[in-house]
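This is the structure, below, for whatever I ask next.
The values are calculated or read from the model by the stated rules, or taken from the named source; none is laboratory data. Keep in mind the model is a prediction, meaning the values are calculated, not measured. Please note: Cβ atoms are built from the backbone with ideal geometry, for glycine as well, and neighbour counts cover all protein chains shown. Ligands, DNA and RNA are excluded from the accessible area calculation, which covers all protein heavy atoms including side chains. Shrake-Rupley method; radii C 1.70, N 1.55, O 1.52, S 1.80 Å.
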Amino acid sequence: MAISNIRYGEGVTKEIGMDLKNLGARRVCLMTDKNLSKLPPVNAVLNSLAKYGINFQMYDNVRVEPTDQSFIDAIQFARKGGFDAYVAVGGGSVIDTCKAANLYAASPSSEFLDYVNAPIGKGKPVTVPLKPLIAVPTTSGTGSETTGVAIFDFKELKVKTGIASRAIKPTLGIIDPLHTLSMPERIVANSGFDVLCHALESYTALPYNQRSPCPSNPIDRPAYQGSNPISDVWALHALRIVAKYLKRAIRNPEDREARANMHLASAFAGIGFGNAGVHLCHGMSYPISGLVKSYKPKDYNVDHSLVPHGLSVVLTSPAVFAFTAQIHPERHLEAAEILGADIRTARIKDAGLILADTLRKFLFDLNVDDGLAAIGYSKADIPALVKGTLPQERVTKLSPRPQTEEDLSALFEASMKLY
Ligand SMILES: NC(=O)c1ccc[n+]([C@@H]2O[C@H](COP(=O)([O-])OP(=O)(O)OC[C@H]3O[C@@H](n4cnc5c(N)ncnc54)[C@H](O)[C@@H]3O)[C@@H](O)[C@H]2O)c1
Ligand SMILES: [Fe+2]
């Protein structure tokens, strides 16, 4: 179990300047995106840096839903800067970009594909020492402040992939719920769906002791190890918080209790899935994001089309869990109960359908687009969506139920319309 250091509490961001001073940092790279650079979370960090006299350079060119090119741009900035510490203020897009910048700046002769997950990249283990990275999450979703994962959209292949290594985990996550107060409604919703799927997928993933072959050297152990007794605790706890607070956090920006709890749930689910892994909703989400046509989600202040990550994972969740429940039906039923289903008279063989129905109702209540068709996909796109899922074996092989190409086609087809 690998876990980042975490500090939690309203206003703790004001300590970041002191943290950097304690680290002896002389040249700090501060990363964020253009939208956030004008918002209170970045201001809070800037105030603290000024108060403690920290020398820094700001990079606000992070792309929301990063690409290989946007990662490379940030890496170039980091390589030129000679930084001795990094600060990422933002959602998963910013934190992931900063992890990649830190890694490649520490490994100047590496080619971009060296550390990218195989089979798309070379998947080399990280052996170079990285600089400290402090992550300040501003969404309640990815849990990226706790994970050794950095995801980007590989434009040439039109799929998302990433870099996964414990070595790129942030040194410290500063989880300050004040930052959630500026999030617009759909960003709360979509990032919250990511937490929901992290918890559900890691809890239902292939158990760690059924994953094979066992690596011959521990350095080759993957970050994602399959469901395990420690991750289970985090996943279930996160799921209970989602059940209690996600709707409230979305509907009422003034509900500080709900927003603060979702901010913690994001980290909790991150600790769980960062060690256990995710499976089909995430594996299938990467081409759903990568093949985006003209979808422009509400509340995302960006000029390019994109399918927000949380939306791209949740739209297939009813179909996925109806499919995987055959293997661990009791876990699927337990998840449905946590999310509000009455299971007193339920039959265990219906666990998948019950969880799928519970998820559909949850999404319907939150005005989520009615399936893949509503974000621009049709049946004709299914072969390309399947093709984009096949290289995602790092996660798809953690599905408790193995899947054929026909199974994947059927899952995409069943996700075209939800209600
Ligand atoms: N590393 C991991 O473990 C991991 C896990 C899941 C997802 N991801 C990746 O993370 C990315 C998605 O990250 P995300 O969902 O956190 O969102 P994001 O970083 O893409 O941000 C979405 C939008 O919200 C805005 N925003 C963020 N915080 C705000 C705030 N407090 N107030 C107002 N606006 C705010 C941003 O400016 C942006 O426009 C995807 O690329 C996804 O693949 C990574
Ligand atoms: Fe995710």
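How about the range 382-409: which of its residues are open to solvent by less than 60 Å² (accessible area, probe 1.4 Å) and out of contact with any Phe, Trp or Tyr (no Cβ under 8 Å at 6 or more places or on another chain)?
Passing the criteria: Ala384, Pro391, Thr396, Ser399, Pro400, Leu408, Ser409.
I'd like to check which helices (runs of 4 or more DSSP H) are fully inside the range 287-362 and have at least 1 residues that are under 22 Å from Leu246 (Cβ atoms), of a type in the set (Phe, Trp, Tyr) and modelled with pLDDT of 95 or more.
Filter on the range 287-362 gives 317-324.
Further question: Of the residues Ser191, Ser165, only one is within 16 Å of ligand 2 (Cβ to nearest atom), within 30 Å of Met18 (Cβ to Cβ) and either of a type in the set (A, V, I, L, M) or in contact with a helix residue (DSSP H, G or I) (Cβ under 9 Å, 6 or more places away or on another chain) (or both); which?
After ruling out the rest, the residue left standing is Ser191.
Another question, if that's okay. Just checking, which of Phe71, Phe83 is more than 16 Å from ligand 2 (Cβ to nearest atom) and under 29 Å from Glu156 (Cα atoms)?
Phe71
Which members of the range 58-113 meet the condition of being of a type in the set (S, T, N, Q) and under 19 Å from Ile174 (Cβ atoms)?
The answer is Ser93, Thr97, Asn102.
Moving to a separate point now. Have a look at Leu311, Leu236, Leu315 and point out the one that is within 12 Å of ligand 1 (Cβ to nearest atom) and touching a residue at least 60 places away in the same chain (Cβ under 8 Å). Reasoning before the result, please.
Values: Leu236 fails: within 12 Å of ligand 1 (Cβ to nearest atom); Leu315 fails: within 12 Å of ligand 1 (Cβ to nearest atom).
That would be Leu311, the only listed residue that is within 12 Å of ligand 1 (Cβ to nearest atom) and touching a residue at least 60 places away in the same chain (Cβ under 8 Å).
Could you go through the range 336-356 and let me know if any residue there is acidic (Asp, Glu) and in contact (Cβ under 8 Å) with a residue 12 or more places away in the chain. Give the steps one after another, and end with the answer.
Pass one, the range 336-356, residues acidic (Asp, Glu): 337, 342, 350.
Retained after the next criterion (residues that are in contact (Cβ under 8 Å) with a residue 12 or more places away in the chain): none.
Checking the range 336-356: not a single residue is acidic (Asp, Glu) and in contact (Cβ under 8 Å) with a residue 12 or more places away in the chain.
Could you grab me the full set of residues in the range 184-202 that are open to solvent by 20 Å² or more (accessible area, probe 1.4 Å) and in contact with a Gly (Cβ under 9 Å, 6 or more places away or on another chain)?
Ile187
Okay, moving on. Filter the range 136-174 down to residues that are more than 15 Å from the chain's Cα centre (by Cα) and aliphatic (A, V, I, L, M), then give me how many there are.
Adding up the residues that qualify gives 5.
Next question. Just to check your reading of the model, which residue among Tyr224, Tyr208 is surrounded by fewer than 21 Cβ atoms within 10 Å (Cβ to Cβ), of a type in the set (Phe, Trp, Tyr) and either in contact with a Lys or Arg (Cβ under 6 Å, 6 or more places away or on another chain) or more than 19 Å from Ser140 (Cα to Cα) (or both)?
Numbers: Tyr224 fails: surrounded by fewer than 21 Cβ atoms within 10 Å (Cβ to Cβ).
Every option except Tyr208 fails the conditions.
Across the range 21-44, what is the number of residues that are more than 15 Å from ligand 1 (Cβ to nearest atom) and not in a strand (DSSP E or B)?
Residues in the range 21-44 being more than 15 Å from ligand 1 (Cβ to nearest atom) and not in a strand (DSSP E or B): 7 in total.
Please indicate, with yes or no, whether at least one residue in the range 369-380 is crowded, with 16+ Cβ neighbours inside 10 Å, part of a helix (DSSP H, G or I) and among the hydroxyl-bearing types (Ser, Thr, Tyr).
The answer is no; no qualifying residue exists.
As an exercise: evaluate Pro297 against (1) open to solvent by 10 Å² or more (accessible area, probe 1.4 Å); (2) more than 15 Å from Tyr377 (Cβ to Cβ); (3) more than 15 Å from ligand 2 (Cβ to nearest atom) and give the number of the one condition it does not meet.
Here Pro297 clears every test but (2).
Could you tell me which residue of the range 53-71 is nearest to the chain's Cα centre (by Cα), considering only residues that are open to solvent by 50 Å² or more (accessible area, probe 1.4 Å) and over 18 Å from Val292 (Cβ atoms)?
Step by step, filter the range 53-71, then rank; the result is Asn61.
Among the numbered conditions (1) farther than 21 Å from Thr146 by Cβ; (2) among the acidic types (Asp, Glu); (3) within 11 Å of ligand 1 (Cβ to nearest atom), tell me where Glu65 comes up short.
(1)
Would you check if Pro41 is within 16 Å of ligand 2 (Cβ to nearest atom) and at pLDDT 95 or above?
Answer is no for this residue.
Another question about this same structure. Determine, yes or no, whether Leu280 is touching a residue at least 12 places away in the same chain (Cβ under 8 Å), within 13 Å of ligand 1 (Cβ to nearest atom) and open to solvent by less than 10 Å² (accessible area, probe 1.4 Å). Outline the logic, then answer.
Numbers: touching a residue at least 12 places away in the same chain (Cβ under 8 Å): yes; within 13 Å of ligand 1 (Cβ to nearest atom): no; open to solvent by less than 10 Å² (accessible area, probe 1.4 Å): yes.
Spelling it out, it is not the case that Leu280 is touching a residue at least 12 places away in the same chain (Cβ under 8 Å), within 13 Å of ligand 1 (Cβ to nearest atom) and open to solvent by less than 10 Å² (accessible area, probe 1.4 Å).
In addition: If we scan the range 240-254, do we find a residue that is open to solvent by less than 30 Å² (accessible area, probe 1.4 Å) and within 30 Å of Gly17 (Cβ to Cβ)?
Looking for residues that are open to solvent by less than 30 Å² (accessible area, probe 1.4 Å) and within 30 Å of Gly17 (Cβ to Cβ), one finds at least one in the range 240-254, hence yes.
Hey, could you check the range 86-109 for residues that are under 20 Å from Ala44 (Cβ atoms) and hydrophobic (A, V, I, L, M, F, W, C) and say which is nearest to ligand 2 (Cβ to nearest atom)?
So the residue we want is Ile95.
Here is a further query. Give the residue, chosen from Gly123, Gly90, that is near ligand 1 (Cβ under 8 Å from one of its atoms), of a type outside the set (Lys, Arg) and free of Cβ contacts under 8 Å to residues at least 60 places away in the same chain.
On inspection, the qualifying residue turns out to be Gly90.
Looking at the range 200-220, is at least one residue closer than 24 Å to Gly91 by Cα and polar (S, T, N, Q)? Before the answer, list the steps.
Of the range 200-220, the ones closer than 24 Å to Gly91 by Cα are 200-203.
Subset that is polar (S, T, N, Q): 202.
Yes.
Turning to a different aspect of this structure: I'd like to check something: does the range 211-233 contain any residue that is more than 27 Å from Val126 (Cβ to Cβ), within 15 Å of ligand 2 (Cβ to nearest atom) and within 14 Å of the chain's Cα centre (by Cα)?
Looking for residues that are more than 27 Å from Val126 (Cβ to Cβ), within 15 Å of ligand 2 (Cβ to nearest atom) and within 14 Å of the chain's Cα centre (by Cα), one finds none in the range 211-233, hence no.
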